[in-house]
Amino acid sequence: MDETSEIRDRLQRAADDLLEGRVPGPVTGVRLVELAGVKRHRLTHDNPDINRKFQDDAKQLNRHEPAVTELRKKLRTQQERNKQLFSEVQALSNRVDAYATALAIVTEERDRLTRVLGRTEKLAPFSKSAGT
């Protein structure tokens, strides 16, 4: 592949990436040449067809900018909510683990005391009706 073809391919890949939102940044010719790693004249003078198509597609994309902006705002809000919910789930999971550990310790102690005492009639039962 010669240098001209390679530059065209890089410009086209960069244009596709920008227009499809795979890379961050503004959808501009400057960002396109930066992403492709070429000098600006390679786009404007050597490959005007790619430049024209990119500019036209970018204009079409920017017509829907308010809708896209609103969707991105909603996405960010949902991502923040997701982070918050994940933190809450982690905290609850840790609490459940702590309760399970405490319950296991109490149960082991009860079993140990039962064995040491040798008879269960000396023990008061833990039941819901014990306090009433």
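Points worth noting:
- For the residues Leu19, Leu32, Leu11, the requirement of being aliphatic (A, V, I, L, M), in contact with an Asp or Glu (Cβ under 7 Å, 6 or more places away or on another chain), under 21 Å from Lys59 (Cα atoms) and not assigned by TED's automatic domain parsing to the domain that holds Arg72 singles out Leu19.
- Residue within segment 116-130 that is surrounded by 11 or more Cβ atoms within 10 Å (Cβ to Cβ) and modelled with pLDDT under 95 present: yes
- Any hit, segment 64-71, residues being surrounded by 12 or more Cβ atoms within 10 Å (Cβ to Cβ) and at pLDDT below 90: yes
- Scope segment 36-50; condition part of a loop (DSSP other than H, G, I, E, B) and among the aliphatic types (A, V, I, L, M); matching residues: Val38
- Qualifying residue in segment 62-71 (condition: within 30 Å of Asp16 (Cα to Cα), charged (D, E, K, R) and within 17 Å of the chain's Cα centre (by Cα)): no
- Any chance Gln55 is at pLDDT 95 or above and either of a type outside the set (D, E, K, R) or over 24 Å from the mean Cα position of the chain (by Cα) (or both): no
- Some residue of segment 13-22 being assigned to a helix (DSSP H, G or I) and either at positive phi or exposed (fewer than 10 other Cβ atoms within 10 Å of the Cβ) (or both): no
The values are calculated or read from the model by the stated rules, or taken from the named source; none is laboratory data. Being a predicted model, the structure only gives us computed values, none of them experimental. Don't worry about glycine lacking a Cβ; one is built from the backbone with ideal geometry, like all the others, and counts go over all protein chains shown.
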